[in-house]
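Visitor: Below: one structure in structure tokens.
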Amino acid sequence: MIQHKTYTLDEAKRALENYCAYQERCHQDVCKKLRSMNMISDAIDLVVVHLIDNDFLNETRFARSYTRGKFRVKKWGRKRIELELKKRDISVYNIKEAFKEISDTDYLQTFHELAEKKWQNINESNLYKKKKKLADYLLYRGWESHLVYDKIRDLGA
């Protein structure tokens, strides 16, 4: 039989403080981590409350940080970011707050740069296939369909 390490409440609090201090986390990540430590649900609730009270865990801050990172680093559009935040049970209010981190000018500039760079890198002689590949690429990354199709019209003219 495999012996699992057991944690006291204080040990779990310290471990999760470090876990949250290292990187912004959402409530779902913290609860998952605590379950993996074999904590009971009452203990999980106590640790989560402790983390919130001591500002280690803040859903709004997580949503803002996540949005900034995925937009700037991975060049994701709002649709993909929103979907990923919803998967993590982030509230609609926090998602709206997080989108304030991205200015409309930055958003559109990033979109156009990404689309044009990808257009140059697609090696496809058939224009329709090339347009389809670009559309698939941009839509998968969560860019709004009206932006994608307008850009494809501009590039394919």
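The values are calculated or read from the model by the stated rules, or taken from the named source; none is laboratory data. These numbers were taken from a predicted model, which means no experiment stands behind them. Positions of Cβ are generated from backbone atoms using ideal geometry, with glycine treated the same way; all protein chains shown enter the neighbour counts.
Visitor: Given the options Phe56, Phe71, Phe111, name the one that is over 17 Å from the mean Cα position of the chain (by Cα), within 24 Å of Ala135 (Cβ to Cβ) and either not basic (Lys, Arg) or not assigned by TED's automatic domain parsing to the domain that holds Leu139 (or both).
Guide: Working: Phe56 fails: within 24 Å of Ala135 (Cβ to Cβ); Phe71 fails: over 17 Å from the mean Cα position of the chain (by Cα).
Only one candidate passes the filter, namely Phe111.
Visitor: How many residues does segment 15-51 hold that are assigned to a helix (DSSP H, G or I), closer than 23 Å to Arg68 by Cα and free of Cβ contacts under 8 Å to residues at least 12 places away in the same chain?
Guide: Summing the residues that are assigned to a helix (DSSP H, G or I), closer than 23 Å to Arg68 by Cα and free of Cβ contacts under 8 Å to residues at least 12 places away in the same chain in segment 15-51 gives 2.
Visitor: Right, here's the next one. Just checking, which of Tyr128, Tyr140 is surrounded by fewer than 18 Cβ atoms within 10 Å (Cβ to Cβ) and under 17 Å from the mean Cα position of the chain (by Cα)?
Guide: Values: Tyr128 fails: under 17 Å from the mean Cα position of the chain (by Cα).
None of the other options fit; the residue is Tyr140.
Visitor: Give me the pairs: first residue in segment 127-145 and within 18 Å of Phe71 (Cβ to Cβ) and in contact (Cβ under 8 Å) with a residue 60 or more places away in the chain, second residue part of a helix (DSSP H, G or I) and acidic (Asp, Glu), beta-carbon distance under 9 Å, and six or more apart or on different chains, which are they?
Guide: The qualifying pairs are Gly142/Glu82; Gly142/Glu84.
Visitor: Now for a different question. Checking Tyr7 against (1) part of a loop (DSSP other than H, G, I, E, B); (2) touching a residue at least 60 places away in the same chain (Cβ under 8 Å), which single condition isn't satisfied?
Guide: (2)
Visitor: Would you check if Ala63 is of a type in the set (A, V, I, L, M, F, W, C), touching a helix residue (DSSP H, G or I) at 6+ places or on another chain (Cβ under 8 Å) and more than 14 Å from Phe99 (Cβ to Cβ)? Before you say what the answer is, go through the steps one by one.
Guide: Details: of a type in the set (A, V, I, L, M, F, W, C): yes; touching a helix residue (DSSP H, G or I) at 6+ places or on another chain (Cβ under 8 Å): yes; more than 14 Å from Phe99 (Cβ to Cβ): no.
No; evaluated as a whole, the condition is false for this residue.
Visitor: Taking only segment 59-112 into account, find how many residues are surrounded by fewer than 16 Cβ atoms within 10 Å (Cβ to Cβ), touching a residue at least 60 places away in the same chain (Cβ under 8 Å) and part of a helix (DSSP H, G or I).
Guide: Counting residues in segment 59-112 that are surrounded by fewer than 16 Cβ atoms within 10 Å (Cβ to Cβ), touching a residue at least 60 places away in the same chain (Cβ under 8 Å) and part of a helix (DSSP H, G or I) gives 1.
Okay, residues lined up against (1) more than 14 Å from Trp76 (Cβ to Cβ); (2) among the acidic types (Asp, Glu):
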position: His112; (1), (2): yes, no
position: Ser125; (1), (2): yes, no
position: Tyr128; (1), (2): yes, no
position: Gly142; (1), (2): no, no
position: Leu147; (1), (2): no, no
position: Asp150; (1), (2): yes, yes
position: Arg153; (1), (2): yes, no
